[in-house]
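Here is the structure we will look at, set down as structure tokens.
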There are 2 protein chains.
Amino acid sequence: MRASRYLVATKKETPSDAVVISHQLMLRAGMIRKLASGLYTWMPTGLRVLRKVEQIVREEMNRAGCQEVLMPVVQPAEIWEESGRWQQYGPELLRLQDRHNNPFCLGPTHEEVITDLIRNEISSYRQLPANFYQIQTKFRDEIRPRFGVMRAREFTMKDAYSFHTTQDCLQQTYDQMHTAYCKVFDRIGLDYRPVLADTGSIGGSTSHEFHVLAESGEDDIAFSSESRYAANVELAEAIAPAGERPAPAAELAEVHTPGQKTIADVCAFLGEEAAGSVKSLIVLGEADEEGQQPLVALILRGDHELNELKAEKLPGIASPLEFAPEARIAEELGCGIGSLGPIGLQIPMVIDRSAAHLADFTCGANKDDYHYTGANWGRDAEAQRIEDIRNVEAGDPSPDGKGTLEIKRGIEVGHIFQLGDKYSKALNASVLNEQGKDTIMTMGCYGIGVSRIVAAAIEQNHDDAGIIWPQAIAPFQLALVPINIQKSDAVREKCEALYEQLTAAGYDVLLMDEPKARLGVMLADTELMGIPHRLVIGDRGLEKGTVEYKGRRDAESTDVAAGDVEAFILEKLNNQ
Amino acid sequence: MRASRYLVATKKETPSDAVVISHQLMLRAGMIRKLASGLYTWMPTGLRVLRKVEQIVREEMNRAGCQEVLMPVVQPAEIWEESGRWQQYGPELLRLQDRHNNPFCLGPTHEEVITDLIRNEISSYRQLPANFYQIQTKFRDEIRPRFGVMRAREFTMKDAYSFHTTQDCLQQTYDQMHTAYCKVFDRIGLDYRPVLADTGSIGGSTSHEFHVLAESGEDDIAFSSESRYAANVELAEAIAPAGERPAPAAELAEVHTPGQKTIADVCAFLGEEAAGSVKSLIVLGEADEEGQQPLVALILRGDHELNELKAEKLPGIASPLEFAPEARIAEELGCGIGSLGPIGLQIPMVIDRSAAHLADFTCGANKDDYHYTGANWGRDAEAQRIEDIRNVEAGDPSPDGKGTLEIKRGIEVGHIFQLGDKYSKALNASVLNEQGKDTIMTMGCYGIGVSRIVAAAIEQNHDDAGIIWPQAIAPFQLALVPINIQKSDAVREKCEALYEQLTAAGYDVLLMDEPKARLGVMLADTELMGIPHRLVIGDRGLEKGTVEYKGRRDAESTDVAAGDVEAFILEKLNNQ
């Protein structure tokens, strides 16, 4: 591409409304422009990257035996009513009416459409497994679109859906897709992790997320220091501390703690470590037959964090998790929330594994402004129900028994699910099995946030000068920067020859041929745009027989013999 | 692709709700499935064709210097209010509200979005001309979606928009795009014509449509038998008959024509040719200052058809054209519409060129149940205002003076416009010109109906057995049909070897490897799917050293030496 015929559209200023670095750099590098909240136009440079990501995804899906289809963006309400999601889905589902007042929605996902299609097209187990994907514009009416294309309302997604008659078959396809996803992110050149994940509202059992590691990520991921174990913190198991609980050594003592409400305050007041105390959180239990929800206490070590997802999955606890109102706690338990504790508490308790391992601990006395020190399970309170209800922390032992956990932040760019029969059952999608009997199919679903990958790659790969593209998805692989192209025949000829040769060979080259462009601006633009390789060609160099090469991550540029530059740059383009 | 891992989804029955052949064949060949009225899922076979069309369009747009972008499908009402189209556009524009009740629409076209983008990004004449395109899902809420993807509500379109400071520059880009469009349709392998067209509601001056010739087309196209002249019939000029008008030879005579209302009835009753008569149509004139619309008579030869577009463009005639109510005609002109004529008519007349050339003609006498014969211009009525207000007909002289016109039906698959400043003025999209002065830009816009091309190609290329794809857009270029693949090692090995070799070389091959498929069904499927080349490989042939080749248009299959088949088929794949 010649810059003189291309909308480079770089900007010097950092746009004030862009918070994360990828959003800032995508605007500054001329990749995207905002049309309205959460709606972006992909400019030529941005689209080049997006299409390369798409193509890698497409190739790996095809290789995994997944068949490409294209379903409508606009979907009739009818099938969403059949699945039950028309009622369940919140306002993120953009609903609309056509000219005949028939209800439709803009597809945020396509389980209903594909299940409806397949129930009509596939009738026998012999046609299974079958796996279909599309790369398509999706719409979710986010309440607060943010971070540019990272959380936009309109975005490009690859969504795939597989159909099976047995769990074994689903597991096999699921494993193939897991492998294909790894190939996609490997080829793009990202530092990522597949992690165990919660299945959330989409339903199903087994699930993995694929996270690009970056400090700006919205998720916490736990990794083993010594194995391949990785899980979203919301799912990672906190295993019980090793060994027996120490025997009681201290006497139980009631202490006056006037005005100390939080566990941190109490421990500071008493001169103790939070890790030697327990805190008590009161939540609502599952409703009984009359719709009454009893109170349940969750007991955690003072320094630990409740994992709401783990808690709400436990029998007897309301899901989604709901904290008890303070007034009800005061009325039923006789004290404020800052003075609660397990000793003498008259409601069911769930004790976290780590809290249950403490001896001689501090806790609330169920009496305002009083706490106990030297409390012990068994002797002072019964530790009947012990569960894992906390978030793992850095330094915790890995649940697979190998090494300790580290916590890093990640950006979710892929998610695969074993859906089971949630949609196929609702839409009655069945086939005849080997015995000639109608069987509801089992499904998997598999998503990749194609446009989000572009932003995530930048979050992971940038410096003060701008973006640093992995070569596989760079908008251009090489920038050719001439000095004085309009005055020097030698410079122009050398640039044109290189440009023609490399372009004909299929490389993406940006020739900075604007006659009035200043060198400093061109150099800054190539770095801002993240082009992996750059050659600067000027008269002074050509006179001594050299051109200047700089890789985007190099600190300094190198002189290359002008006669060898084709071979030199071809090696760079092919090897990196 | 192996059929055993592919959703072939062919159907024997012709779907009852599909009227045109392309719709029927796309359903039967497993290319599309209907989700809801005007909403289709592209199945694997259909999408393969669609993507090939897209890629040809993309390559030719890039070659023409057009830059690819991707604009949002969902557009804010704001910019449509700025252009005035929020009010003007009818119910085909699907309007919706987001969760915050802000008004949006689904983009049927993107003039507003691109003009808004470019007014912010381009500030100097030095950055022009600039030309941007996208290949994108569009939505138009057709009142009566029909003919499958030919007139769907959601469809794939290539739309491009160019920006200029001068008409010369616009003309140059327009010409380049005209050439690029021809390349697209040439490469796809369609019999098409670029034709002069009306600019319609989109505005602007010069315009060409690109039509695929097919009997099922919705447009009539006029072509010269001896030149490249071609125009939509609604635009094609009907030139005046050659020579002088013959001198009057007959006397004017009033004849009684009881109950004869239409021109056909009258001529039959009088034993005359319709071509020797004139008919008078009464329409409303332009409103005067008080809003009154006078009556205007349009006089045409009895056998000619009024061209409403031509008439409504004339000064003094209301646009859109509106016929006068019969009651008003009776009241003001004193007779019914079946007895009107130019002699003694007291309202302004517009006389078609052909009608004005008649001598001794028959016409209404402006008195119920009476007509004149032997009427003559000049002697009996004044032929003051002579214009072209009729549709051209087959056999008319071509307006460029070369040959005569033929009329064929066409399917519009492309349309290019010189928009002028309609949108750039409304959105105040200006740049600094060479003199440093603000200038409103001039625009062109260029559309290709990508998904419609798929249907149009079928309308033009099919037979009783199914689709006949042009090779450039065939879902598969070659079908490999084994006989008894599960029983014969020789057959399986030959098929696998050919399949692996050709697939590795980048050809799209469908290997019909389903173990239980019957030969007749496989052969019918490959014909229905329109695969250009087919090899049938069976033991009987292999024993005598042959395989069977059949091109999709061939009447009979040919035996090819099994040892030469690779070379034979490669030549077919590369040359056709």
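Using only atoms on other chains, find how many Cβ atoms lie within 10 Å of each Cβ of peptide B:71-83 and report the average.
4
Is there a quick way to get the dipole size of the protein assembly as shown? I mean about its Cα centre, with the Cβ of Lys and Arg at +1 and of Asp and Glu at -1; what is the value in debye to the nearest 20?
Result for the protein assembly as shown is approximately 1960 debye, rounded to the nearest 20.
As a check on your reading of the symmetry: which chain B residue has its Cβ nearest the axis that brings B onto A, and how far is it in Å?
Residue of B nearest the axis onto A, distance in Å: B:L96, 2.
Where does each of B:350-360, A:23-33 land if you order them by average Cβ count within 10 Å, highest first?
The most tightly packed comes first, giving A:23-33, B:350-360.
Taking the DSSP beta bridges in the protein assembly as shown as the whole, what percent of them are antiparallel, to the nearest 5?
Approximately 80 percent, going by the DSSP bridge assignments.
With both bridge residues required to lie in region B:257-402, what share of the DSSP beta bridges run antiparallel, to the nearest 5%?
Counting DSSP beta bridges with both partners in region B:257-402, the antiparallel share is about 65 percent.
So, counting K/R as plus one and D/E as minus one, what does the shell of residues with Cβ under 14 Å around B:G302 add up to?
With Lys, Arg at +1 and Asp, Glu at -1, the net is -4.
Ordered by residue, what ³J(HN,Hα) values in Hz, to whole numbers, does region A:4-10 give under the Karplus form 6.51 cos²θ - 1.76 cosθ + 1.60, where θ = phi - 60° and Gly and Pro are x?
For region A:4-10, the Karplus curve yields 5, 10, 9, 7, 5, 6, 6 Hz.
Averaging over every viewing direction, what projected area does the convex hull of the Cα atoms of region A:68-221 cover, in nm²?
Mean orientational projected area (region A:68-221, Cα hull): 10.9 nm².
Classify region A:382-491 as rounded, prolate or oblate from the Cα gyration tensor: take a ≥ b ≥ c as the square roots of its eigenvalues, call it rounded if a/c is under 1.5, otherwise prolate when a/b beats b/c and oblate if not.
Oblate shape, in that a/c is at least 1.5 and b/c is the bigger or equal ratio.
Stick to the Cα atoms of region B:247-298, pair each with every other, and give me the Kirkwood hydrodynamic radius in Å at one decimal.
13.9
Divide, for region A:52-155, the radius of gyration over alpha carbons by 2.2 N^0.38 Å, where N is the residue count.
So the Cα radius of gyration is 1.23 times the expected 2.2 N^0.38 Å.
Return the calculated 222 nm mean residue ellipticity for the protein assembly as shown, to the nearest 500 deg cm²/dmol, obtained by summing -39500 (n - 2.57) across DSSP H runs with n ≥ 4 and dividing by the residue count.
-7500 deg cm²/dmol
Just name one of B:P399, A:V266, B:C495: the one whose Cα is farthest towards the positive end of the charge dipole of the protein assembly as shown (beta-carbon charges, Lys/Arg +1, Asp/Glu -1).
With unit charges placed on the Cβ atoms, the residue in question is B:C495.
Per residue of B:90-98, count partner chain C-beta atoms within 10 Å of its C-beta, then hand back the mean as an integer.
Partner-chain Cβ atoms within 10 Å, mean over residues of B:90-98: 4.
Only Cα pairs under 8 Å and at least 6 apart count here; give the relative contact order of region A:376-437 as a rounded whole percent.
RCO, region A:376-437: 15 percent.
Grab every C-alpha pair in the protein assembly as shown, bin the distances at 10 angstrom width from 0 up to the longest one, and report whole percents.
2, 8, 13, 17, 17, 15, 11, 8, 5, 2, 1, 1, 0, 0
Projected onto the charge dipole of region A:106-152 (+1 at Lys/Arg Cβ, -1 at Asp/Glu Cβ, origin at the Cα centre), which of A:Q127, A:V113, A:T137 gives the Cα projection farthest towards the positive end?
A:T137
Quick one: check the C-alpha center-to-center distance for region A:514-564 versus region B:312-369, whole angstrom.
77
Give me P(r) over region B:309-402, computed from all C-alpha to C-alpha distances, binned every 5 Å, as integer percentages.
All Cα pairs, binned at 5 Å, distribute as 2, 12, 18, 21, 21, 16, 6, 2, 1, 0 percent.
Please give the FRET efficiency for B:E226 paired with B:I407, using the beta carbon to beta carbon distance and R0 = 25 Å, rounded to the nearest 0.05.
After rounding to 0.05, the efficiency reads 0.95.
Per the Debye formula with a single identical scatterer at each Cα and no solvent contribution, what log10 I(q)/I(0) holds for chain A at q = 0.08, 0.09 Å⁻¹?
So the normalised log intensities work out to -0.73, -0.87.
Ranked highest first by average number of other Cβ atoms within 10 Å, how do A:109-115, A:465-471 line up?
Put in order of decreasing packing, that is A:109-115, A:465-471.
Hey, got the average number of other protein chain Cβ atoms within 10 angstrom for residues in B:40-48?
Average neighbour count from other chains, rounded to a whole number: 5.
Compute the FRET efficiency between A:Q167 and B:S557 as 1/(1 + (r/R0)^6), taking r as their Cβ-Cβ distance and R0 = 60 Å, and round to the nearest 0.05.
In this case the efficiency is close to 0.80.
Determine the relative contact order of region A:115-249: mean sequence separation of Cα pairs under 8 Å and six or more apart, normalised by residue count, in whole percent.
15
List the distances, in nm to one decimal, from the label point of A:E121 to the label points of the same position in every other copy, shortest first, placing each label point 7 Å from Cα along the Cα-to-Cβ direction.
3.5
Mind listing the label-point distances from B:P91 to the same position on all other copies, shortest first, one decimal in nm, points 7 Å along Cα→Cβ?
2.8
Convex hull volume of the Cα atoms in region A:429-487, per residue, in Å³?
177
Taking each label point as 7 Å beyond Cα in the direction of the beta carbon, state the distances from A:R379 to the same residue in the other copies, shortest first, in nm.
13.6
With charges set only on the Cβ (+1 for Lys and Arg, -1 for Asp and Glu), what does the dipole of region A:458-576 come to about its Cα centre, in debye to the nearest 20?
Using Cβ point charges on Lys, Arg, Asp and Glu, region A:458-576 gives about 140 debye.
Note down the relative contact order for chain A as a percent, whole number, built from C-alpha pairs under 8 angstrom at least six residues apart.
17
P(r) tail for region A:15-104, what percent of Cα pairs lie past 23 Å?
55
In nm, what is the difference between 0.36 nm times the number of residues separating A:S16 and A:D191 and their Cα-Cα distance?
60.1 nm
Please work out whether region A:117-191 counts as rounded, prolate or oblate from its C-alpha gyration tensor, where a ≥ b ≥ c are the square roots of the eigenvalues and a/c under 1.5 means rounded, while otherwise a/b larger than b/c means prolate and anything else oblate?
oblate
Compare the Cα positions of B:P91, B:T156, B:L70 along the charge dipole of region B:34-193 (+1 at Cβ of Lys, Arg; -1 at Cβ of Asp, Glu; about the Cα centre) and return the one farthest towards the positive end.
My answer, from the dipole projection, is B:T156.
Based on the Kirkwood radius over alpha-carbon pairs, what is the Stokes-Einstein translational diffusion coefficient of region A:478-558 at 37 °C with 0.692 mPa s viscosity, in µm²/s?
So the translational diffusion coefficient is about 258 µm²/s.
Every read-out reported here was derived from the displayed coordinates using simple, explicitly stated rules and does not represent laboratory data. Quick caveat, the model's predicted, so the values are computed rather than measured. Quick reminder, even Gly has a Cβ in these numbers, built from the backbone with ideal geometry, and neighbours come from all protein chains shown.
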